[in-house]
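A.B. asks: Dropping the structure in here first, questions after.
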Amino acid sequence: MASSHHASWTSRGGNSAVGNKRLLFFLFWLLPLAGAASTELRAEPQLVSVFPLGGRQGTTFCVEIRGKYLHDVSDAWFDCGDLKARIQKIEKIETKEEPAKKAKTDPSKSSKPPVEYLLSLEIDAAPQALPGAHYFRLISPGGISNALLLQVSSEPVVLEDQNSTKAAGEGQEIHPPVAVNGKISEAGEVDYYSFTASKDDQWLFEIRSAGPGTFDPVLTLYQPLGSWLDPKRLRRLAMNDEPNIYSWNAPRLSYRFTKSGRYIVAVEAFSGVTTPHCAYQLRLVRTHDSHTAEKQGCYSSPLAHNSEPWKERDFLRKLDTGRIDAVFSRTLKAPERSTTAVTESEPNDEPAQALSITIPALLEGTINRPGDRDYYKFTAGAGEGFVFEIQTPEQVPYQFMPKVAVFDGKGEEIVNNVYRKKVSPETWLNLLEPKTVYTFAEAGDYYLQVRDLTSRNADSNFSYRILVRKKIPHVGEVKITEDYINLHSGQARKVSVTVEQEEGFDGFVTLFVENLPPGVQVFPAAEVVPEKTGDAYDVPNPRYVPKANNVTLMFVADPEAPPCRTPYTAAVKARAVVGGKTGELIVAKQILFMVVRPEKTAEEKTAPKAVAQK
Amino acid sequence: MKTRFFSLKFVSTIVAFSIAPLSCPVLSETQHRFADRPETAQASPQPRTAESQEHRARLLSLRIIPEEISLWGKGAEHSFLVMGSFSDGLERDVTLQCKLITSDPQLVHIEGNRRVVATGSGIAVLKAELTGRAATASIRIESSPEKELFSFQRQIGTIFTRRGCNASECHGGVKGKAGFKLSLDALYPEEDYRWIVKGGGYQVLVAEAKEPVNPRVDLKRAEESLLLLKPTLSVSHGGGQRFEVGSGDYQTILEWVRKGTPFDDPGAEKLRAESIELYPSEAFLEMGKSQQLLLMAQLAGGRKEDWTNRSRFSSNNPDVLEVTADGLLRAKSPGEAVIIARTPGHAVSTRIGVISRVIPNYPRVPRRNLIDEHVFAKLRKLQILPSELSSDSEFLRRICLDLTGTLPPANRVREFLKSKDPQKRDRLIETLIESPEYIDFLTFRFSDPLRVALSATYPSTPKGAEWYYEWIRSCVEQNRPYDQWARDRIAAQGSEGASRHFRPRLAPDTMAEQVRVFMGRRLDCAQCHNHPFEPWSQSQFWQMASFFGRLAYVFNYTDYRYAVVDMTTGSGMSGTGDPVTNPRTKQVVQPAFLDGRGLTEEERQDPRMTLAKWMTSHPYFAEAAVNRIWSFFFGKGLVEPVDDFRSTNPPTHPELLQALAQDFRENGHDVKRLIRLIVQSRTYQLSAVPNETNKNDKTNYSHTLPRRLDAEVLLDGISIISGTPELFERRSRYDAGREPLGVRAVQLRESDAHACRFLEAYGQPDRATVPERDYKPNLVQALHQLAGSTYTEKLAQKGGRIDQLIQSGASDRNIIDELSLIAYCRLATHGEQEELQKMIRARPSRQEALEDLVWGLINSREFVYNH
């Protein structure tokens, strides 16, 4: 491990124009460096797809990775030490590009596209490797690549047999529990798998893909009964297609079979849209065997190492009695009193039946029948700021849409968690918010009402957790887009950091970067903020949106900085500073960092496009 | 692309396979020559002329309409009808032939053998006698009031209505005529009064009168009032002369102006008609015969009055039936006509049949269920004999296409035709109705009115359309009660599939569509002005639209989805928080039902569910539902268009519609049960081969009328016979994918997401609005038939059916039979076999000859039509 390099600077809450003139000089210093950039710069490896999508714990399996600039890849990186890999082969893919046609449709892309490569990787998954999705990247002299996901399974893993999955009435025979690695290569392709189930078996069917937005799979369960008109006709028993392609949600079905017999499960791309890279892993496991603890349909990250960053506004962040401690860790003060856990008690549909609570309180309840409303009573002083944080632990918010509203003693609704955001002079957007901040004008008793936003939806898993507490000004989310950086020696790279100040935080936020590679420094930088034009309608409502400051970090690699053989895990950390006192260090983001040689060597420039077996 | 050229000789040899574009909906006689004969024998009595029959028919009974006559005051008049029932099943107007007497000539006397006139007060009896038969009606004469109350609508509005001044083509049009607006049939007398007495022009979206604002009456010189000068043509009038100077109507208006143009006397509201009824409600006239109409009004005060002379009558088919201004019908030629009677504030219609010939000893036609009872009863009255029961081939093809949208495979056709099971039709119906293909096809059927399209869902992405489609599919699959479908769709909340059809900013459109789809009424016109043909006012429209005013979308960024909810205030559709306002009056509108009832406090908590419950419990709902489902199987509704119920667009079989609606309601709005009822009926299973009595009938279900296949079903049929499934490419900007091979056209979710020229050419609707499919032939179809890939490449496809048949070593005879079984559900006839085999042998290439044969099959009307 190389020695750590530290850098730090400070952001002041509510003051986005830093105005440090010294920074301008710094920028002037950077300009010649930027100008020195050559078109012959090394390109970092880019991963496009991986197939098959994974393997079983305690086995060695091979995957093929498709991507660009892979010719000189030397190593693989995994998000845990239980996965190791060896590069087997790298070969150039003969693409079927039609340059003339492409140039006609998009003149700007008339230049020759980069060559694509296929890299074979042999992976050892240790027996203790956690089941689930793991990130992996490839490393070359050009740096570290973007990440793809690889699935590690506890059940046996088999490969799709392309010859037998295409027959609708038959399909490839599989024996659950099993994970099947398959690929949808052509538009309109459907892969069929047949299996036998016994009466009262309950199986979980799940499709995992390489990540959100890569492939939108549809999962369908059939019984091959045929029909009078078509003996090969499949009878659909169940279907699951997640409604959008942006979430992590994998199509998942839990099905209890009422008859013993042969069944067929089909995998296809939504609307038949596909690319040659649409790999999937179909899992069939007994429901009680599933290592996924979530209930069916519940939104969760599929990552084996779930290291979610701090979330202020997300219906799925965990709220518990320790949440206040976590909030206080992002500022200086200490908690004044511990959080009381309160479980709803029916009947509580009317304010008169409201359960009295003492602040801070963590409310837990369920909206389990249409029209159910849960009331809680609390007292607030004049000018006291309150925060209402909401979690839906068992349901994604599109099904359970918790409306949390506060009523005064006269029955007037004074605040709720629906943010009516004006997005154009004539258009408003209603946003359901997981956190609402409100300052009471008058002292008195108030009633918190919880219900589903619809008047009719309810379910036993419409459960909620609501943390009612007083405002705690603190450092909110610290947002950085980059999760890896390849920096050429002698070059600089800008990284924007957004620091949110929650609940009236008005102190300073200092930022640090630890564990940078040797020869790399980080500087605060100022950049011209474009003048904001437009109407006043887009002013965010502080009740739902925190103030935020942007800080620009400039990572600069010394011209003599040595190239890295392995990535450094640099950590961007933040610390609140209030009244001259500093708070705890907060890890904002970990970034994989590599310094790479800027130019290709003469040898590399003349190197053959495809690399022979290693 | 291959273009197909045929030798004329070859084409003409395929006797049943017409290459003409789809312009003639009736099967050729040639085709029927080869059709299987029906298995039931039916008497074929010789029809006789009406003239000869009337003399032979015995009068069975008489009745007087109305049975109770009320008269108010001396001089009051009331018309009546005497109807005679005859042994031939007809009821005839015998009023003028009867001997009429009253029990007390001091109280009432009879005038012109048509009306009674009060001469005193008390109770009397009217008696009619004819050939030994008699009927009576009671007459009650109340003492007259001192002075009849004045009502603007009753006295003045009646003149406008009777003289046609407030007809939709004149001043009763949307914007009126020549700057002068009257409400249709004096529906809104207050507004009429305003335009006459205060003057000014009507403006569609503005409540204020358009300049110049000059009264149309002259209080100082009443005779100089425009209201008198124009209709008497004393000054130029685009509508010509409506009455003469000095006529009764002239005097009425003159007196009214002289009296200072009062609106209504206190208590005059009692004189407004609450409803009107036209008698006879059903009639079947022999050619050349007459029938007097009688129009009765039920007044708000409880009276019933004869309003025949306050009405304007019209016929929608004067060539069949003409009607005089006094309501006398004259039958001119065989057929049917709708007679519309308009009175101030109301319109009513009735369907009258004209019989060509009377059939002596009309046979008893077997009946299977209530559909047959009603249809055959009417046919008997019309003296039309239904066709015979369809052949097994006809039935098999028809039922497969109607329940599953697909053609049965050849082995199934053979199996069905061979079966001697007397219950085989019912068994097949059950098999098909429980098949997965039924689910696909019914989903497809309902995807039209419920509009599954990218452009009709929100957001306009395939995901939204998919959720919506899957909701419809699950309704069909589970056979959920239809009223539940409707409630789910009208009141959908959250992110459930049914909610995906709500699009923003369109509360009025959304409401109008729900009413159109589920109540069969078109309110759209009333969005900008009072409905020009129906009593729906602009206010009513906006009150109904207000039910959707709180509808809003709520997004959450946790998983990028949105839910539909009803916000507590304001117009959520635009998200502005503004209440719904009537664009003309600029007044805030509160939700109210079409009957004018507002919402209780409890109902306001969930206005759309309240509306959904009201709509689904309204009689309109079941009527509209059964009418739509009926149209799936007959190609048209009992009311046509299926979503255009109007008082002026009556059903062809009102009693049948009521009976079906009642049955549907009483059986839990069970769609599958209704469909079973329809397809099990003999009416549905009648042959398409007409007989001498029903060959001109197009409205009474006396025989099956061939219906052109829907674009999707036609394409699937061609795919089946060619053995080459269609590949559907998606053209959406969101997903340029392809449906899996083998997906049928009727299984496509959205109608606007696929690039398929065939479907476009043959009338696949885009469902941007509630579609009415276009089955008209066009030039593109003709060109497509000659050179389109569906008709060329598909047939020549390697591995396709022709290729397979040749490879199998099948003889020409067997191939011809196989193709005929698939295309027509029948074996080729002997004549067809001989000619076709000869032609195939004469061609140098067997492959090409067979391709041409298939081409001929798929272009024949027997293939293109469901019959």
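Only the coordinates and a few stated rules stand behind these numbers; no lab work does. Here the structure is a predicted model, which means the values were calculated and not measured. Here Cβ is always computed from backbone atoms with ideal geometry, including for glycine, and neighbour counts include all displayed protein chains.
A.B. asks: Give the peptides B:324-331, A:570-577 in descending order of average Cβ contacts within 10 Å, highest first.
C.D. replies: A:570-577, B:324-331
A.B. asks: Using Cα pairs under 8 angstrom and six or more residues apart, how large is the relative contact order of the range A:407-521, in percent?
C.D. replies: After rounding, I find 19 percent.
A.B. asks: I would also like to ask the following. Using only atoms on other chains, find how many Cβ atoms lie within 10 Å of each Cβ of peptide B:741-750 and report the average.
C.D. replies: Mean number of neighbouring Cβ atoms from other chains: 2.
A.B. asks: Nearest 5 percent is fine: what portion of the DSSP beta bridges confined to the protein assembly as shown is antiparallel?
C.D. replies: Counting only bridges with both partners in the protein assembly as shown, antiparallel ones make up about 90 percent.
A.B. asks: While we're looking at this one, here's another question. Return the Cα extents of the range B:598-663 along principal axes one, two and three, sorted largest first, each rounded to a whole Å.
C.D. replies: That gives 43, 23, 18 Å along the principal axes, largest extent first.
A.B. asks: For the range B:538-689, compute Rg over Rh where Rg is the Cα radius of gyration and Rh is the Kirkwood radius from the inverse mean 1/r over Cα pairs.
C.D. replies: Computed over Cα atoms, the ratio is 1.10.
A.B. asks: Report the trypsin sites (Lys or Arg not before Pro) located in the range A:327-360 that are in a DSSP loop and have at most 16 other Cβ atoms inside 10 Å of their Cβ, or state none.
C.D. replies: A:LYS333, A:ARG337
A.B. asks: Could you let me know the centre-to-centre spacing of the range B:140-197 and the range A:333-383, using Cα atoms, in angstrom?
C.D. replies: What the calculation gives is 64 Å, centre to centre.
A.B. asks: Could you work out the equivalent-ellipsoid semi-axes for the protein assembly as shown, taking the square root of 5 times each eigenvalue of the Cα gyration tensor, largest first, in whole Å?
C.D. replies: Ellipsoid half-lengths, sorted descending, are 71, 47, 28 Å.
A.B. asks: Then there's this: Please compute the average number of Cβ atoms from other chains found within 10 Å of each residue's Cβ in peptide A:189-197.
C.D. replies: Whole-number average of other-chain Cβ neighbours for A:189-197 is 1.
A.B. asks: Further question on the same structure: Roughly how many Å is it from the Cα centre of the range B:198-227 to that of the range B:291-329, as a whole number?
C.D. replies: Taking the Cα centre of each part, the range B:198-227 and the range B:291-329 sit 31 Å apart.
A.B. asks: Still on this structure: Sort A:SER194, B:SER499 so that the residue with the fewest other Cβ atoms within 10 Å of its own Cβ comes first and the one with the most comes last.
C.D. replies: Least to most surrounded, the residues fall as A:SER194, B:SER499.
A.B. asks: Give me the inter-chain shielding for A:227-237: mean count of other chain Cβ atoms within 10 Å, whole number please.
C.D. replies: Averaged over the peptide's residues, the number is 6.
A.B. asks: Can you pick out the pairs among B:LYS332/B:LYS698; A:LYS232/B:LYS420; A:LYS183/A:LYS589 whose Cα atoms lie more than 30 Å from each other?
C.D. replies: Violating the 30 Å Cα-Cα cut-off are A:LYS183/A:LYS589.
A.B. asks: Sticking with this structure for a sec: Using Cβ contacts closer than 10 Å as the measure, can you line up A:LYS589, A:LYS479 from fewest to most?
C.D. replies: A:LYS479, A:LYS589
A.B. asks: Follow-up. Which whole number in µm²/s is D for chain B by Stokes-Einstein, with the Kirkwood Rh taken over Cα pairs at 10 °C and 1.306 mPa s?
C.D. replies: The Stokes-Einstein estimate is 52 µm²/s.
A.B. asks: Mind jotting down the distance between the C-alpha centroids of the range A:170-199 and the range B:647-667, whole Å?
C.D. replies: Here the two parts' Cα centres lie 50 Å apart.
A.B. asks: Just the Cα atoms of the range B:322-477, one point each, no solvent: what log10 I(q)/I(0) does Debye give at q = 0.10, 0.14, 0.16 Å⁻¹?
C.D. replies: Treating every Cα as an identical point scatterer, log10 I(q)/I(0) equals -0.71, -0.96, -1.00.
A.B. asks: What is the order of B:HIS529, B:HIS374, fewest Cβ neighbours within 10 Å to most?
C.D. replies: Lowest count first: B:HIS529, B:HIS374.
A.B. asks: If the label point is 7 Å along Cα→Cβ of B:GLU142, which residues in the range B:264-307 have backbone nitrogen under 19 Å from it?
C.D. replies: What the label zone holds, given the 19 Å backbone N cut-off, is B:265-277, B:296-307.
A.B. asks: For the range B:744-832, what's the radius of gyration and Dmax over Cα atoms, in angstrom?
C.D. replies: Rg and Dmax of the range B:744-832, Cα atoms, are 17.1, 51 Å.
A.B. asks: Cα gyration tensor of the range A:391-459, axes a ≥ b ≥ c as square roots of the eigenvalues: rounded (a/c below 1.5), prolate (a/b > b/c) or oblate?
C.D. replies: oblate
A.B. asks: Under a straight-distance cross-link criterion of Cα-Cα below 18 Å, which aspartates and glutamates are reachable from B:LYS586, leaving out those fewer than 8 residues away in the same chain?
C.D. replies: B:GLU191, B:GLU208, B:ASP578
A.B. asks: Pull out a ≥ b ≥ c, the square roots of the eigenvalues of the alpha-carbon gyration tensor of the range B:404-444, then state rounded if a/c is under 1.5, prolate if not and a/b is larger than b/c, and oblate in the remaining case.
C.D. replies: Note, shape of the range B:404-444 comes out oblate.
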